[in-house]
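Shown next, in C-alpha cells, is the structure this report addresses.
The values are calculated or read from the model by the stated rules, or taken from the named source; none is laboratory data. Only a predicted model underlies this, so the values are computations on that prediction, with no experimental measurement involved. Note: ideal-geometry Cβ built from the backbone for every residue, glycine included; neighbour counts use all protein chains shown. With ligands, DNA and RNA removed, areas are computed over all heavy atoms of the protein, side chains included. Shrake-Rupley method; radii C 1.70, N 1.55, O 1.52, S 1.80 Å.
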Amino acid sequence: MIEKPDREGRLPLAYRNQEFLDTPDARSLRVLSEYLYPLSHFRKERIHDTIVFFGSARTLEMGSNGRYYNEARELARRVTEWSDSLHETSRRFVICSGGGPGIMEAANRGARDAGGKTIGLNIGLPFEQRPNPFITPELSFEFHYFFMRKFWFAYLAKALVVFPGGFGTLDELTEILTLAQTQKLLKKIVVVLYGTAFWKEILNFDALVRHDMISEEDLQLFSFADDVDTAFRLLETGLTKYYLEPDREEPGIAKSRV
C-alpha cells in the first residue's frame, strides 16, 4: 500500500485512510468500531436493557406460518406498552431483533405499533437479510462480524423470546442457554420458547437429560408459551421479579464472571 500525499504534500491520516481500514491489518479497528458505534447510540438513546426476539426470517405475515408473525407483533406491542408505563428515567426492556424480515420484522413492527423505540441488529448476508422498515432509524445497525452482533444481543438482554426458526435461531438460542447454564452472565435472562409443539419436536430436551448431556435443573432455564397472554405473563413476571422489585441489585448489563 503506497500512500500518496495531497497537493500540499501531506499524507492522509491513518484513521481516514479507507484503503488501510479495509485491510486485514486493520481488522481489530473494524471489530472495535462494531462495539463502540452501537454503544454510543445506546447511551445517547438511554437504552438500559432489551427484550430480544428471535425467529425465522422466512415467517411471513400472509404465509403458512403467519400466525407466528402476527403473535410476535402483538407480543412486542404489549411488552412495549407495558415497558413505557414504567416510571424509569431510562428506556427499559426495548424490543430488539436481528433487523431483518419475518419474525424480526414482526417484533420491530409491534414495538412501533405501540409508539416505542425498537432496535435492529442487522448483518449483511447473501439473501433474506435486509433491514426492515420498522426499526427506529437511530437504533438500526449493520454488522459485518457475527460475533459482535451476538455480543450486542446478549449484552443488554434481560429476556429472550424465541419463535420457530432455523439454523440462525437455534444458534442464538443455544448460545444464550449455554451462557446461562455455565453461569457466565451475572444476570438473569428470562427465556420463552414460543410454540411448544415445534420446539419439543426440534429439540428433545428430555433426551438430553436422559443421556446425561444436561442436568434436570437446566430445564428451568426456559419456559414454553403457545399464546400471547402466556408469553406476556412469563415476561412480566420474570422481569418484575428480577429487575423491578425493590432492593434488588442485579447488574444492568451482562457482565462476565471473568
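Observations, loosely collected:
- Test for Arg112: is it in a helix (DSSP H, G or I), closer than 19 Å to Phe232 by Cα, modelled with pLDDT of 95 or more and in contact with a Lys or Arg (Cβ under 9 Å, 6 or more places away or on another chain): yes
- Residue tally, condition of a type in the set (S, T, N, Q) and open to solvent by 70 Å² or more (accessible area, probe 1.4 Å), over the range 198-250: 3
- Cβ separations smaller than 7 Å between residues 6+ apart or across chains give the following pairs from the range 227-242 residues that are touching a residue at least 12 places away in the same chain (Cβ under 8 Å) to residues that are open to solvent by 50 Å² or more (accessible area, probe 1.4 Å) and in a helix (DSSP H, G or I): Val228/Glu74; Val228/Arg78; Phe232/Arg78.
- Matching residues in the range 7-66 - criterion: being in a loop (DSSP other than H, G, I, E, B), open to solvent by less than 60 Å² (accessible area, probe 1.4 Å) and either under 30 Å from Glu88 (Cα atoms) or of a type in the set (Ser, Thr, Tyr) (or both): Thr23, Glu45, Asp49, Gly55, Ser56, Thr59
- Taken residue by residue, the range 109-124 has at least one member that is more than 27 Å from Thr230 (Cβ to Cβ), open to solvent by less than 70 Å² (accessible area, probe 1.4 Å) and of a type outside the set (Gly, Ala, Ser).
- Of all residues making up the range 170-197, the number that are in a helix (DSSP H, G or I) and either surrounded by 17 or more Cβ atoms within 10 Å (Cβ to Cβ) or touching a helix residue (DSSP H, G or I) at 6+ places or on another chain (Cβ under 7 Å) (or both): 8
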